[in-house]
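**Student:** Have a look at this one before I ask anything.
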Amino acid sequence: MTDLLTMEGINKSFSGVKVLENVQFSLRQGEVHALMGENGAGKSTLMKILSGIYSKDAGSVQIQGTESVASSPKTAQGLGVAIIHQELNMIPDLSILENMFLGREFKWGRTGFVNWPRMRSEAKNYLQQLGMDLNPDSLVGELSVGQQQMVEIAKALSMHAKILVLDEPTAALTKREIEKLFQLIATLKTQGVGMIYISHRMEEIFQISDRITVLRDGRYIGTRDTNVTTMDELVQMMVGREIKERFPKVETNIGEERLRVEALAQAGKLYDINFSVRAGEILGIAGLMGSGRSELAKALFGVGKYQGKIYVNGKLVRINSPADAIKAGMALITEDRKGEGLVSDLSVRENLALPNLRSLSRLGFIGHRMEQDFVGDSIKKLNVKVHHSGQLVSSLSGGNQQKVVIGKWLATQPKVLILDEPTRGVDIGAKREIYDLMNQLVQKGVAIVMISSELPEVLGMSDRVLVMHEGRITGEFSRENATQETIMVAATGGKSHG
Amino acid sequence: MGKVRGKSGILQRMGPLVGLILIVFILSIVNSDFLTVGNIFNVLRQVSINALIAYGMTFVILTGGIDLSVGSIIALSSAFAAGMMATGTNSWLAIGVGVLSGTLMGTINGVVIARGKVAPFIATLATMTIFRGLTLVYTEGKPITGLPDSFGMIGRGYLFQIPMPVIWMLVAFGALYVVLKFTSFGRHVFALGGNEEATRLSGINTKRVKILVYSISGLLASLSGIILTSRLNSAQPTAGTSYELDAIAAVVLGGTSLSGGKGWIAGTLIGAMIIGILDNGLNLLNVSSFYQQVVKGGVILLAVLLDRSKGK
């Protein structure tokens, strides 16, 4: 039987730079084929060629044995290719069915009037096929991210998609939603849909995929059957070298208390939060999306009013603004790099200097030389890959952007560093660099609070783990007692202490 | 990637200048009176009023805001100053009070916008009406005349043969250029316009920055009001009506983005000159004032469309 999709010898260059060179990829009916590689390896370019956003320079794309050229996203749809993007493409103020049939509404004959009853029953039909009990008339904006994604998949099915590309589908989902998605993927497999699954999360890929293809620097590295390969092999294929441990945790001397929080509360968000972190310690905070972890980080950083007491270095402090938090010796690296961490219209230099302008200025004037030296230092220390410091920060890769965010805060010499999802959207090589950096900091006596949705990361890097659920702390575990299972129990509301 | 962006950045910056040179070139060919020292100073004197307002508007627009009240601030602050002078107060003191009142009006805009969280368009639309109304109340709808002769120096005088308004325009440009380019406040303005949340989380008092840019806008509006009053030798209750539009046009023509975070004040000066030269040139060519508006609007639209197509 021929493959559903065969891509061979694909080449693509942008202004003379080869981004894909002789890449191959294939997909069988009813198969989940994971596509892996660091950021910039060429995964998205390959998928954009498949979906008609880019045209290939050379090579062949065959769908069910016939050479098929998708010259636009529209023709790709006609060929049965659908992409579920990382950022969902739906209009929040329209209903599910309006979104599903946007631009291809059923009409009454040729009148131009929309045939609502027919659209409603079709939408219901597709939603039910996926086991989703949703009212097609509810607004998309009222759905959770997970539900929105399911609706996108239903939309793809309504267009008779045979090849479904899932680009980081679980990045914004809760554990329960991920399980639901995986059930859905299993259902689609039985219906013969082929799925290309792009993800940075190893555990998921091993759980869900049949085969794994790795790209590196625009080249095809290899394809493995999931049940015979190992994580170590894949990591080595992706980075081209062996990474000994994914989580290079070091032993440190845990010193005096840096941060203590007593009975912290924020109306409707946080209730009775008590914890402390010591110098040299990494405190992991686990929990599902919406459990209040990021709200806790923000509250500590002076966003919103709070009740309760915050002590930094043993001194009671009142934090009414981010400026107060910085003065007290804290730094926050937010989960939303683009929305809260960086000013994308500014250069790498200007972003690095932003929270440090006070120390880089005399009488309100920025010291040019001081700024240059400071920025040069930071770039070197953090190994940020830039052409020059005047480059727009938005032109960097995710990992390098994250290093800029970290760099801008390190210079404030924080005693307490709060990291919210420090490695989200960051490739394996850069992840390792961020972990190494965390190690250097705790060795220097910084206290780190690390919020993360990746349990392996929490388990691998933390000295102690707190678990949050619905704005409360529902579990605390020492490094020895923390396991994926105990954390998940606490994160879903079951009480347990280790 | 970085290099490509840099290049398009330079193009974006050169665009307004190229446009200005082109207009000057064309006008100097079709009309021999245009490129004379007398006429150039005449144009620059006319430009100066709009340029000063537009400088302040640049700060506001860089933060992603807008200030529609500048025209009314001109009228009210100059009415205050003229009223004091007409009743015998020292000119410098009267000017000081006028400028201070304008700055305060701007600060009120800023407080309403930053603390009251009102959209800048709505807030300044309201204060535009309020300040205009207050002007009519204060002046009883009549011009204030009888200003001291010495006051005429500010708007009608010369320094080394250069009209005083032109000097004010250039001095203010130099000062504000330095503020935007070399001070941490200037950096905060760009950062705030680019990403307010990231700026706030970087420990910058974003409300203070917002209030300050409107104060600056009010300050510059009242300064241009003083110059206008001096030139007209009277304060008119309807002075400055719809001046905000020319100021916004100058900022946009200069290449500053209305969504904030991107722009430069030199572009605004060029933009103001384009508008002034266009007005002057069309006058010299005896184009009817009705058609002048059509042409001016057309040029603004063309400039923005060219800018858009470059962004693609």
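**Student:** If you check B:Tyr177 against the conditions, is it in contact (Cβ under 8 Å) with a residue 24 or more places away in the chain, within 14 Å of chain A (Cβ to nearest Cβ) and either farther than 29 Å from A:Ala325 by Cβ or within 13 Å of the chain's Cα centre (by Cα) (or both)?
**Tutor:** So B:Tyr177 passes the test.
**Student:** If you take the residues in the stretch B:90-145 that are hydroxyl-bearing (Ser, Thr, Tyr) and exposed (fewer than 15 other Cβ atoms within 10 Å of the Cβ), which one is nearest to B:Ile211 (Cα to Cα)?
**Tutor:** Of the residues in the stretch B:90-145, the ones hydroxyl-bearing (Ser, Thr, Tyr) are B:91, B:101, B:103, B:107, B:124, B:127, B:129, B:135, B:138-139, B:145.
Next, from what is left, pick out any that are exposed (fewer than 15 other Cβ atoms within 10 Å of the Cβ): B:129, B:145.
Working: B:Thr129: 20, B:Thr145: 34 Å.
Among them, the one singled out is B:Thr129.
**Student:** Could you list, in sequence order, all residues of the stretch A:18-77 that are part of a loop (DSSP other than H, G, I, E, B) and aliphatic (A, V, I, L, M)?
**Tutor:** Residues of the stretch A:18-77 part of a loop (DSSP other than H, G, I, E, B): A:28-31, A:37-42, A:51-57, A:64-65, A:68-72.
A:Ala41, A:Ile53, A:Val69, A:Ala70 - these are the residues of the stretch A:18-77 that are part of a loop (DSSP other than H, G, I, E, B) and aliphatic (A, V, I, L, M).
**Student:** Is it the case that some residue within the stretch A:436-444 is surrounded by fewer than 22 Cβ atoms within 10 Å (Cβ to Cβ) and within 11 Å of chain B (Cβ to nearest Cβ)?
**Tutor:** No: zero hits.
**Student:** Residues that are under 22 Å from B:Arg208 (Cβ atoms) and acidic (Asp, Glu): does the stretch A:285-303 have at least one?
**Tutor:** Applying the first criterion (under 22 Å from B:Arg208 (Cβ atoms)) to the stretch A:285-303 yields A:298, A:301-303.
Filter again for acidic (Asp, Glu), leaving none.
The answer is no; no qualifying residue exists.
**Student:** Can you tell me how many residues within the stretch A:290-301 are touching a helix residue (DSSP H, G or I) at 6+ places or on another chain (Cβ under 8 Å) and more than 14 Å from chain B (Cβ to nearest Cβ)?
**Tutor:** Residues meeting the conditions: 1.
**Student:** So B:Ser215 ticks every box in (1) more than 14 Å from every other protein chain (Cβ to nearest Cβ); (2) surrounded by fewer than 21 Cβ atoms within 10 Å (Cβ to Cβ); (3) at negative phi; (4) of a type in the set (S, T, N, Q) but one. Which box is left unticked?
**Tutor:** Single failed check for B:Ser215: (2).
**Student:** Here is a further query. What number of residues within the stretch A:368-420 satisfy the criterion of being more than 11 Å from chain B (Cβ to nearest Cβ), buried (at least 22 other Cβ atoms within 10 Å of the Cβ) and basic (Lys, Arg)?
**Tutor:** 1
**Student:** On to the next question. Any idea how many residues of the stretch B:182-210 are within 18 Å of A:Leu363 (Cα to Cα), more than 8 Å from chain A (Cβ to nearest Cβ) and β-branched (Val, Ile, Thr)?
**Tutor:** Residues in the stretch B:182-210 being within 18 Å of A:Leu363 (Cα to Cα), more than 8 Å from chain A (Cβ to nearest Cβ) and β-branched (Val, Ile, Thr): 2 in total.
**Student:** When you go through B:Gly255, B:Gly267, B:Gly281, B:Gly271 one by one, which is the residue that is of a type outside the set (Lys, Arg) and either assigned to a loop (DSSP other than H, G, I, E, B) or free of Cβ contacts under 8 Å to residues at least 24 places away in the same chain (or both)?
**Tutor:** Going through B:Gly255, B:Gly267, B:Gly281, B:Gly271 in turn, the sole match is B:Gly255.
**Student:** Name the single residue that is farthest from the other protein chains (Cβ to nearest Cβ) among those in the stretch A:312-337 being of a type in the set (D, E, K, R) and more than 17 Å from A:Ala447 (Cα to Cα).
**Tutor:** A:Arg318
**Student:** Take the stretch A:212-235 and flag every residue that is in contact with a Ser or Thr (Cβ under 6 Å, 6 or more places away or on another chain) and in a strand (DSSP E or B).
**Tutor:** Residues satisfying the conditions are A:Ile212, A:Thr213, A:Thr223.
Condition check ((1) in contact (Cβ under 8 Å) with a residue 60 or more places away in the chain; (2) of a type in the set (Asp, Glu); (3) more than 7 Å from every other protein chain (Cβ to nearest Cβ)) across all residues:
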position: A:Ile310; (1), (2), (3): no, no, yes
position: A:Val343; (1), (2), (3): no, no, no
position: A:Glu350; (1), (2), (3): no, yes, no
position: A:Leu354; (1), (2), (3): no, no, no
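**Student:** Enumerate the pairs (first residue in the stretch B:201-219 and free of Cβ contacts under 8 Å to residues at least 60 places away in the same chain; second residue anywhere and outside any helix (DSSP H, G or I) and aliphatic (A, V, I, L, M)) with beta-carbon separation below 8 Å, excluding pairs fewer than 6 apart on the same chain, so at least 6 apart or on different chains.
**Tutor:** Hits for this filter: B:Leu201/A:Val303; B:Leu201/A:Leu332.
**Student:** On to the next question. Give the residue that is modelled with the lowest pLDDT, with candidates limited to residues of the stretch B:197-206 that are part of a helix (DSSP H, G or I) and farther than 9 Å from A:Val343 by Cβ. Break it down stepwise before answering.
**Tutor:** Filtering the stretch B:197-206 down to residues part of a helix (DSSP H, G or I) leaves B:197-201, B:206.
Cutting the leftovers down to farther than 9 Å from A:Val343 by Cβ gives us B:197, B:200-201, B:206.
Details: B:Glu197: 84, B:Arg200: 87, B:Leu201: 88, B:Thr206: 90.
So, considering only residues that are part of a helix (DSSP H, G or I) and farther than 9 Å from A:Val343 by Cβ, the one modelled with the lowest pLDDT is B:Glu197.
The values are calculated or read from the model by the stated rules, or taken from the named source; none is laboratory data. Here the structure is a predicted model, which means the values were calculated and not measured. Every residue, glycine among them, receives a Cβ derived from its backbone with ideal geometry; neighbour counts consider all protein chains shown.
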